[in-house]
Amino acid sequence: MLQIIKKIHRIIYPILTVFFLLVLDRVFHVEPDWVRIAVAIALGYFLSPRKKIIQTESGEKKQLTWIFFKKPIFLD
C-alpha cells in the first residue's frame, strides 16, 4: 500500500477532486456548477497528502504526510 502511495502521490489531489465532483453531482445533486467545483476543489485540497522537506542529520529528506496515516512516509 505504501509503495503505491509513493508512486501516485502527485495524482491523488486530481483524483479526489474528480471523485468529489461526481459525488456532488450524482448523489447530492448540487446545481450551480461553480459551487460544485469550489466544494470539490476544497475537499480535494484538504484531504490530499502534503509533501514536506525536513532537515535531518544525514541531509534533507522528503516526507509525505496524510490525514489517513499515523506515521509519515519518506520518499527518498
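The table that follows gives values for the structure above.
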read-out	value
Counted residues, the stretch 40-64 - those being small (Gly, Ala, Ser) and part of a strand (DSSP E or B)	1
From ILE67, ILE5, ILE37, residue being in a helix (DSSP H, G or I) and modelled with pLDDT under 95	ILE5
One residue from LYS51, LYS70 being on the phi < 0 side of the Ramachandran plot and surrounded by fewer than 10 Cβ atoms within 10 Å (Cβ to Cβ)	LYS70
Which numbered condition PHE46 misses (of (1) over 12 Å from the mean Cα position of the chain (by Cα); (2) at pLDDT 95 or above)	(1)
Criterion (basic (Lys, Arg), more than 16 Å from TRP66 (Cα to Cα) and surrounded by fewer than 12 Cβ atoms within 10 Å (Cβ to Cβ)) met by exactly one of ARG10, ARG36, ARG26	ARG26
Contacts under 7 angstrom Cβ, first residue in the stretch 27-56 being closer than 23 Å to LYS7 by Cα, partner β-branched (Val, Ile, Thr), 6 or more apart	ILE41/THR17; GLY44/THR17; LEU47/ILE67; SER48/ILE12; PRO49/ILE12; PRO49/THR65; ARG50/THR65; LYS52/THR65
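The values are calculated or read from the model by the stated rules, or taken from the named source; none is laboratory data. All values derive from a computational prediction rather than experimental measurement. Note that each Cβ is placed from the backbone with ideal geometry, even for glycine, and that neighbours are counted across all protein chains shown.
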